[in-house]
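Here's the structure we're looking at; comments come further down.
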Amino acid sequence: MHVRLGHDEKTVVSLTMDKGVKQRFHRLGSSPYFYDASARWAIWLAVPAVICIAYAVIAGLVYVPPDYQQGDVFRILYIHVPSAWLSLFGYTAMAVAGVVALVWRLKLAEIFIAAAAPVGASFTFLALVTGAIWGEPTWGTYWVWDARLTSELILLFLYLGVIALHRSIASPRAAGRACALLSIVGVINVPIIHYSVVWWTTLHQGATLGLTGGSNMDADMLWPLLAGALGFTCLFGWLTLWGMRVQLLWRERRSRWVMKRIAHG
Amino acid sequence: MTRTRRRRLLLVTCLLVGLSGACALMLTAFKQDMLYFHEPSAIAAGNVPINTRFRVGGLVATGSVERPGNGLSVHFAISDCHATVPVRYRGTLPDLFREGQGVIAYGKLDGRGAFVADRILAKHDSTYMSPDTARALNAGTSDACMPANMQASR
Amino acid sequence: MADWASFWAMGGYASYVWSAYGIAAAVITLNVVLPVWYHRGLKRRIRRGAFIDD
């Protein structure tokens with residue numbers, strides 16, 4: 001089998017090697033490969049992110065007509081809904097990575113969780129803040145303790161909890177496992193947030209974007225919103241990939257491949 | 001998949017299933033407390049605590065808005081198709097307050113079955129359209145016969 | 001856009017719309033810039049040999 005250690009040091013590991021050695025080689029080999037390859041992958045996320053978000057913002061601010069009831073304040077939707085979507089998507093992705101990290105002990109899954117948490121927390125914060133700014137003129141209040149707003153606030157605390165847990169445990173493997181566990185446990189909040197507007201009476205309205213049922217939006221209002229959600233998702237991928245590279249470099253700062261690439265590169 | 005991995009996957013699955021079960025039970029137990037507002041039919045059915053402050057949510061009944069006196073006071077009715085609650089309020093109203101619109105009133109029931117509100121919030125649905133489309137659909141004059149929580153799925 | 005003044009006014013909701021977009025721009029910029037800075041600093045420290053034990 002081939003284990004890629006980089007362009008210059010491709011090595012063939014014999015299948016006759018015993019299992020422990022083979023696994024260690026595989027693990028050692030995957031880090032420099034990921035570090036190099038992810039720099040190339042990033043462009044495929046950055047370009048669509050910039051294009052989609054630019055289209056969504058320009059269309060949302062300029063070309064989309066004002067809402068028949070709310071007027072121009074509804075343009076906050078083009079930030080608020082993609083941020084809220086990303087807050088749920090990000091945590092779900094972290095939970096999936098958590099399962100992979102706990103069951104397969106894949107180091108990159110642990111690193112993904114550590115890198116995604118600050119990005120997810122940022123967009124959860126954005127969803128809450130833009131929602132409050134939007135709520136003041138339309139509802140008549142910045143904040144209420146209804147089921148939707150409260151559960152989204154709990155999501156922010158879960159993200160912050162993962163970040164704090166990661167920082168407070170010195171051993172990277174132990175920190176990775178603890179964060180994986182918290183990601184899996186906390187994912188129960190995701191369906192609660194999504195269905196809160198159905199299960200309970202809330203001040204917040206129902207979902208704008210749904211997998212089932214047509215959305216109640218004019219098509220020329222809807223396309224920029226979908227582009228915004230896609231653009232934010234690509235942005236999340238891009239930011240998380242960069243965060244993973246930095247995390248990887250930090251975790252393996254004493255290893256030979258890091259020395260080779262950075263110190264002599 | 002090796003045996004250890006299968007065991008770990010089973011453990012994680014059990015954890016997730018157990019936790020969701022506990023959450024589901026808890027949320028069912030708290031169902032009433034998690035409601036941000038009560039609908040007029042719940043009040044008519046006597047499912048709402050008396051002598052305490054609570055919130056009523058529904059649509060402002062069409063043709064019910066009156067402004068007696070100097071204009072700061074407003075009388076209207078909140079309806080959810082099955083029942084109607086008369087509301088008295090004095091103060092400023094949010095931009096979206098109008099007949100047929102979803103609102104939530106904070107306050108108490110008085111002795112004669114009227115709701116005395118000290119705060120009004122507007123609720124809106126997830127329908128967004130341009131003024132032109134709205135004119136074409138003749139929207140804005142929505143039917144006041146829709147529970148406030150169901151507006152989203154219209 | 002025919003009229004820039006009315007564009008900036010946002011139908012009377014200027015403070016709400018522009019503050020929401022401004023905060024979003026600030027948060028996204030921080031998310032892009034901070035990892036790049038940290039990455040640079042980390043590489044500099046590695047080059048200086050800050051993590052070599054002996």
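The values are calculated or read from the model by the stated rules, or taken from the named source; none is laboratory data. Note that this is a predicted model, so its numbers are computed, not measured. Positions of Cβ are backbone-derived with ideal geometry, glycine not excepted, and every protein chain shown enters the neighbour counts. Quick note on the areas: whole protein, heavy atoms, side chains included, nothing else; ligands and nucleic acids left out. Shrake-Rupley method; radii C 1.70, N 1.55, O 1.52, S 1.80 Å.
Assigned to a helix (DSSP H, G or I), out of contact with any Lys or Arg (no Cβ under 8 Å at 6 or more places or on another chain) and farther than 15 Å from A:F89 by Cα - does that describe any residue in the range A:225-235? Checking the range A:225-235: at least one residue is assigned to a helix (DSSP H, G or I), out of contact with any Lys or Arg (no Cβ under 8 Å at 6 or more places or on another chain) and farther than 15 Å from A:F89 by Cα.
Give me a count of the residues in the range B:71-97 that are in contact (Cβ under 8 Å) with a residue 40 or more places away in the chain and within 11 Å of another protein chain (Cβ to nearest Cβ). I'd like the intermediate steps shown before the answer.
To start, the set of residues in the range B:71-97 that are in contact (Cβ under 8 Å) with a residue 40 or more places away in the chain comprises B:79-85.
With within 11 Å of another protein chain (Cβ to nearest Cβ) added as a condition, the list becomes B:80.
Going through the range B:71-97 one residue at a time, the tally reaches 1.
Restricting attention to the range A:224-261, the residues being farther than 20 Å from A:S122 by Cα, open to solvent by less than 10 Å² (accessible area, probe 1.4 Å) and either within 9 Å of chain C (Cβ to nearest Cβ) or touching a Pro at 6+ places or on another chain (Cβ under 6 Å) (or both) number 2. Mind listing just one residue for me: the one in the range A:40-60 that is more than 23 Å from the chain's Cα centre (by Cα) and open to solvent by less than 20 Å² (accessible area, probe 1.4 Å) and, of those, farthest from the other protein chains (Cβ to nearest Cβ)? Step by step, filter the range A:40-60, then rank; the result is A:A59. Checking each residue in the range B:65-86 for being under 20 Å from B:L35 (Cα atoms), among the hydrophobic types (A, V, I, L, M, F, W, C), part of a strand (DSSP E or B) and out of contact with any Leu (no Cβ under 8 Å at 6 or more places or on another chain) picks out only B:V85.
Count of the range A:119-130 residues, restricted to those that are surrounded by 20 or more Cβ atoms within 10 Å (Cβ to Cβ) and facing another protein chain (nearest Cβ under 9 Å), is 5. What single numbered condition from (1) of a type outside the set (K, R); (2) touching a helix residue (DSSP H, G or I) at 6+ places or on another chain (Cβ under 6 Å); (3) modelled with pLDDT under 80 fails to hold for B:H82? Exception for B:H82: condition (3). Selection of the range B:58-70 for residues being over 16 Å from B:A117 (Cα atoms) and at pLDDT below 85 yields B:G69, B:N70.
Just the residues that are touching a strand residue (DSSP E or B) at 6+ places or on another chain (Cβ under 6 Å) and either over 25 Å from B:Q101 (Cβ atoms) or open to solvent by less than 20 Å² (accessible area, probe 1.4 Å) (or both), please, taken from the range A:139-172. Of everything in the range A:139-172, those that are touching a strand residue (DSSP E or B) at 6+ places or on another chain (Cβ under 6 Å) and either over 25 Å from B:Q101 (Cβ atoms) or open to solvent by less than 20 Å² (accessible area, probe 1.4 Å) (or both) turn out to be A:W139, A:T141. Within the range B:35-53, residues that are within 13 Å of another protein chain (Cβ to nearest Cβ) and in a loop (DSSP other than H, G, I, E, B) sit with their Cβ atoms under 9 Å from residues that are exposed (fewer than 15 other Cβ atoms within 10 Å of the Cβ) and modelled with pLDDT of 75 or more, at 6+ positions apart or across chains, in these pairs: B:Y36/A:W145; B:E39/B:H82.
Of all the residues in the range C:33-54, those that are aliphatic (A, V, I, L, M), assigned to a helix (DSSP H, G or I) and either facing chain A (nearest Cβ under 7 Å) or farther than 21 Å from A:S83 by Cα (or both) number 3.
Among the residues of the range A:201-215, is any within 11 Å of another protein chain (Cβ to nearest Cβ), in contact (Cβ under 8 Å) with a residue 24 or more places away in the chain, open to solvent by 20 Å² or more (accessible area, probe 1.4 Å) and assigned to a helix (DSSP H, G or I)? No: the range A:201-215 contains no residue that is within 11 Å of another protein chain (Cβ to nearest Cβ), in contact (Cβ under 8 Å) with a residue 24 or more places away in the chain, open to solvent by 20 Å² or more (accessible area, probe 1.4 Å) and assigned to a helix (DSSP H, G or I).
For the range B:107-121, the criterion of being at the interface with another protein chain (Cβ under 8 Å from one of its Cβ atoms), modelled with pLDDT of 85 or more, in contact with a Leu (Cβ under 7 Å, 6 or more places away or on another chain) and surrounded by 14 or more Cβ atoms within 10 Å (Cβ to Cβ) is met by at least one residue.
Looking across A:E136, A:E110, one residue alone is surrounded by fewer than 24 Cβ atoms within 10 Å (Cβ to Cβ), assigned to a helix (DSSP H, G or I) and either at pLDDT below 95 or touching a Pro at 6+ places or on another chain (Cβ under 8 Å) (or both). It is A:E136.
Looking at B:L9, is it touching a helix residue (DSSP H, G or I) at 6+ places or on another chain (Cβ under 9 Å), open to solvent by less than 60 Å² (accessible area, probe 1.4 Å) and of a type outside the set (K, R)? Steps first, please.
Numbers: touching a helix residue (DSSP H, G or I) at 6+ places or on another chain (Cβ under 9 Å): yes; open to solvent by less than 60 Å² (accessible area, probe 1.4 Å): yes; of a type outside the set (K, R): yes.
In short, yes.
Annotation: of all residues in the range A:71-107 being surrounded by fewer than 24 Cβ atoms within 10 Å (Cβ to Cβ) and among the charged types (D, E, K, R), the one that is nearest to the chain's Cα centre (by Cα) is A:K107.
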